[in-house]
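All of the numbers you see were taken from the coordinates with simple rules; none came from a lab. The structure displayed is predicted, hence computed values, not measured ones. Neighbour counts run over all protein chains shown; Cβ positions are idealised from the backbone, glycine included.
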Amino acid sequence: MSYMPEEQLLEQWVSPERLTRYRAAREDTVELYIWNAKVSAHLLELIAHGEVLLRNAIHAKLAPHHADGKWYRDTAHYRFASQAEREIQTAVVRATRGGKPETAGKVVAELTFGFWRYALSARYKTTVWPRVKTAFLGVPAHLRTREDIERIVVRLHDLRNRVAHHEPVFHQSMHQHFADIVSLATYIDDRAGRMIADQIASLNLVAKRPAI
C-alpha cells in the first residue's frame, strides 16, 4: 500500500488555504487531494489531445489561403486583436529561437490554447470562421455551429487553466468535462472522438474517487 501522509503533514506541504475546499467535502481530505491530483493529470493529457487536434484542424484550413502557409501574418484580412498579435509575435520568436527558419507549422505549435479559443469567438466570425468551418465535419451540419464549438472550447480552456494551476476540480462534473473533450474531438473527426472516449473509459477515473 502506498504511503499516505497525515492531514496535518499534507497541510504543511501544500498550505491550509489549499486544503480548505477539500476539508469541506465529505470524503477523506488526504485521499481526495491525491485523487484530485491524479484526475487533473489525466485531464491535462486528454485536453492536450483536443488542443492539438483543434490547432491542426484550423491551421489546415487557413494555410492554403497563403502561399507560404503563414496565415497568422495576414493582419489585413484577420484583423487580429492586440493580444492575439502579441501571442503570434511570441510564438514566432520561440519557433525561430537559435536561428531556426520560420515555418508555419512550428509557429502554430507555439500558439497557446487561449489563442485558438479566441480565434473561434464572434470577433472572427466573418474572417476566420468562414475558412475553418469545414474543419468540423465530424457531426452533421445542423448540429455544427460556431457558437456551439466556441462554448466547448471555452469550457475546456478554463478547465485546462484550472488543472494546470493545481486547483480543485473534484466538485465539478467529471462527466461534463469528459463529454466536452470527446465532443471537441468528434467535431473534428468522429474517429478521434472514439479514441479519446475509449481512453476515458479505460481510465475509469470517476469510479476511483475516494468513497464517502
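Looking only at segment 148-182, which residues are acidic (D, E) and either under 20 Å from V52 (Cα atoms) or crowded, with 16+ Cβ neighbours inside 10 Å (or both)? Please lay out each step first, then the result.
Filtering segment 148-182 for residues acidic (D, E) gives 148, 150, 158, 167, 180.
Result: D148, E150, D158, D180.
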Legend entry - Single unsatisfied condition, V132 versus (1) surrounded by fewer than 18 Cβ atoms within 10 Å (Cβ to Cβ); (2) touching a residue at least 12 places away in the same chain (Cβ under 8 Å); (3) closer than 28 Å to G69 by Cα: (1)
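How many residues are at positive phi and among the basic types (K, R) when one looks only at segment 55-105?
Just the residues of segment 55-105 that are at positive phi, to begin with: 69, 79, 98-99.
Filter again for among the basic types (K, R), leaving 79.
Matching residues across segment 55-105 total 1.
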Legend entry - Odd one out for E31, checked against (1) free of Cβ contacts under 8 Å to residues at least 60 places away in the same chain; (2) surrounded by fewer than 18 Cβ atoms within 10 Å (Cβ to Cβ); (3) farther than 21 Å from I149 by Cα: (1)
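Can you work out which of the residues in segment 64-87 that are among the hydrophobic types (A, V, I, L, M, F, W, C) and surrounded by fewer than 18 Cβ atoms within 10 Å (Cβ to Cβ) is farthest from A122 (Cα to Cα)?
Residues of segment 64-87 among the hydrophobic types (A, V, I, L, M, F, W, C): 67, 71, 76, 80-81, 84.
Filter again for surrounded by fewer than 18 Cβ atoms within 10 Å (Cβ to Cβ), leaving 67, 76, 81.
Numbers: A67: 27, A76: 18, A81: 12 Å.
In this case the residue turns out to be A67.
Across segment 51-84, what is the number of residues that are acidic (D, E) and more than 20 Å from the chain's Cα centre (by Cα)? Can you show your working first?
At the first step, the residues of segment 51-84 found to be acidic (D, E) are 51, 68, 74.
Filter once more, keeping what is more than 20 Å from the chain's Cα centre (by Cα): 68, 74.
Residues that pass the stated criteria total 2.
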Inset, instruction - Name, by its number, the condition in (1) under 12 Å from I47 (Cβ atoms); (2) under 13 Å from the mean Cα position of the chain (by Cα) that does not hold for I196. - result: (2)
Legend entry - Members of segment 74-108 that are in contact (Cβ under 8 Å) with a residue 12 or more places away in the chain and of a type in the set (D, E, K, R): R79, E87, R94, E102
